[in-house]
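To start, the structure itself, in C-alpha cells.
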Amino acid sequence: MHRLQAICLAALGALGLLTLASCGGDGSTPPSGQGTGAGGDPAAGGYSIVTTCGMVTDLVTRVAGDRATVRGMMRNDVDPHTYNPTRNDIATLEAADVIFYSGLNLEARLSDALVRMAGSGKRVAALTSGIDPKDLLEPEEFEGHFDPHVWNDASLWAASVSVIRDTLSAQDPAGRSGYEERATALEREILAVHDYAKQCLATIPEASRVLVTAHDAFNYFGRAYGIEVHGVQGVTTEHEAGLAEITRLVTMLTERKVNAIFVEQAFEEDHVQAVVEGAQARGHDVRIGGKLYSDAMGEPGSYRGTFVGMVDHNVTLITRALGGKAPEQGLYGKLTW
Ligand SMILES: [Zn+2]
C-alpha cells in the first residue's frame, strides 16, 4: 500500500470517522490523524477548531474535550517550517470557528493565511503567546527572530495551555468549567514529564552531555535540562548544512568522545549520516542513537503521538544513548522499542 494511503487509513481508523475528505492524489491535504473524532456535541453548541502541527493539535484536543471537533492540518511526517498550505487547507481554515497555531514563525508559510484569518474576525491564537517573552531564546543565527521550538522545554509548553483554555472559554463560555478542569490536568501531566526529563538527563555523565541532532530544534531543551546542543542543519530547515558545519561537528565529537548523535522524525537523515561517516574517517566511532521527535510527533493514536509521549521518548532515548540512567520503557512504562 502506498505510504500516504496507509497513514490516511490509520488516521481514519483512529478517528472512527467515515466521512472525511478523500486521501486521493488530488493535491489536497489528507485528514490528519492528530485531531479528535469527538465530533463536537451539537447540543453544547459544538464548533470546529483547526490546528497546525501535532504538538498544538494534541494539547488543543485535550482541552477541548467533547465540546468541539479538532482537526490537525499537518501530518506527522511533515516539517512545519517548510509546510505549504494547499487550497484545501485554506478552505479548512476559512471554515473553522477557531484556529490554533504554534507561532514565532514556526509555520512560516502559513503566516499570510493566519494573518488574513485573524483580520477577518476569526479567533486565531498562537500557543506561544502564553509564554513570557523573557523566557524566549533569540539565538544569533535567527537574525532577530525568536527560536520557535519552545515545546522542547516542556515547562514552557505547559504555559501555552492557558492560551487554549482562555480562547475556548471565550468562544464557548458555557464550557468554561470543563476547559479549566482539563487544562489543569493537562498542565500537571506536562509538568510531570518535565520533572522526569530533568531527573533523567542529569544522570548523563558530565562530559557526554552533548546532544547533536539533525536541525537546531533543541536550544530550549538544552537550556532547560542542562545539555549542550548542536544542530547539523541550521535553525530552520530551509538552509542546507554546510560542509564547514559538518567538519566542525566531527571535530567536536571526536575531541569530546561523544558516541551518539540523533536523527529526527520528518527530517532527512543525509546530513547526520555525513557526520557519522566523517567521524569514522577520523577513527572515532559515532553511531546514530535513534530518532527524536523534534517538530513532529509519533504515529497518530500511539503514545508517541501525544506530547507527553513525545517528550518521554526523546528524554528516555537521549539519556540512555548518552550513558545516563532512565527506565527502558520510560516514565509510564509505555515505550516499546
Ligand atoms: Zn524546527
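Label-point separation (nm) for E94 and A281, each offset 7 Å from Cα along Cα-to-Cβ?
In this crude label model, E94 to A281 measures out at 5.2 nm.
Under the 0.36 nm per residue contour assumption, what length would be gained going from the current alpha-carbon distance of K257 and N84 to full extension? Don't skip to the answer; put the middle values down first.
Numbers: separation 173, 0.36 × 173 = 62.28 nm, distance 3.99 nm.
Stretched fully, the K257-N84 segment lengthens by 58.3 nm.
So what are the radius of gyration and Dmax for the Cα set of the stretch 197-321, in Å?
Spelled out, the Cα radius of gyration and Dmax of the stretch 197-321 are 13.9, 43 Å.
Please give the net charge around S155, taking every other residue with its beta carbon less than 13 angstrom from that of S155, where Lys and Arg add +1 and Asp and Glu add -1.
Within the 13 Å Cβ shell, the charges total -3.
Cross-link list K198/K334; K122/K291; K134/K291; K291/K334: which exceed 27 angstrom alpha carbon to alpha carbon?
Details: K198/K334 19 Å; K122/K291 37 Å; K134/K291 31 Å; K291/K334 17 Å.
Beyond 27 Å between Cα atoms: K122/K291; K134/K291.
Given axes a ≥ b ≥ c from the Cα gyration tensor, I'd like to know whether the stretch 254-301 is rounded (a/c under 1.5), prolate (a/b larger than b/c) or oblate.
Prolate is the answer for the stretch 254-301, as a/c is 1.5 or above and a/b outweighs b/c.
Note down the net charge around K122, summing +1 for each Lys or Arg and -1 for each Asp or Glu among other residues with Cβ under 12 Å from its Cβ. Before the final figure, lay out the partial values.
Values: positive: R116, R123; negative: E94, D97.
Every neighbour counted, the sum reads 0.
Please compute P(r) over all alpha-carbon pairs of the stretch 41-150, binned at 10 Å starting from zero, and give each bin as a whole-number percent.
Once binned at 10 Å, the Cα pair distances of the stretch 41-150 give 14, 45, 32, 8, 1, 0.
How much length is gained on full extension from K334 to A185, taking 0.36 nm per residue of separation minus their Cα-Cα distance?
Here the answer is 51.7 nm.
Does the stretch 89-242 come out rounded, prolate or oblate by the C-alpha gyration tensor, with a ≥ b ≥ c the root eigenvalues, rounded set by a/c under 1.5 and, if not, prolate when a/b is larger than b/c and oblate if not?
Oblate, because a/c is 1.5 or more while a/b does not exceed b/c.
Express the relative contact order of the stretch 197-321 as a whole percentage, based on alpha carbon pairs under 8 Å and six or more residues apart in sequence.
24 percent
Rounded, prolate or oblate, given the Cα gyration tensor of the stretch 117-205, with a/c below 1.5 counting as rounded?
oblate
Give the residues of the stretch 143-184 whose amide nitrogen is closer than 14 Å to a point set 7 Å from the Cα of D132 in the direction of its Cβ.
So the set is 155-157, 159-160.
Quick note: the coordinates plus some simple rules give every number you see, no bench work behind them. All values derive from a computational prediction rather than experimental measurement. We place every Cβ from the backbone using ideal geometry, glycine too, and count neighbours over all the protein chains shown.
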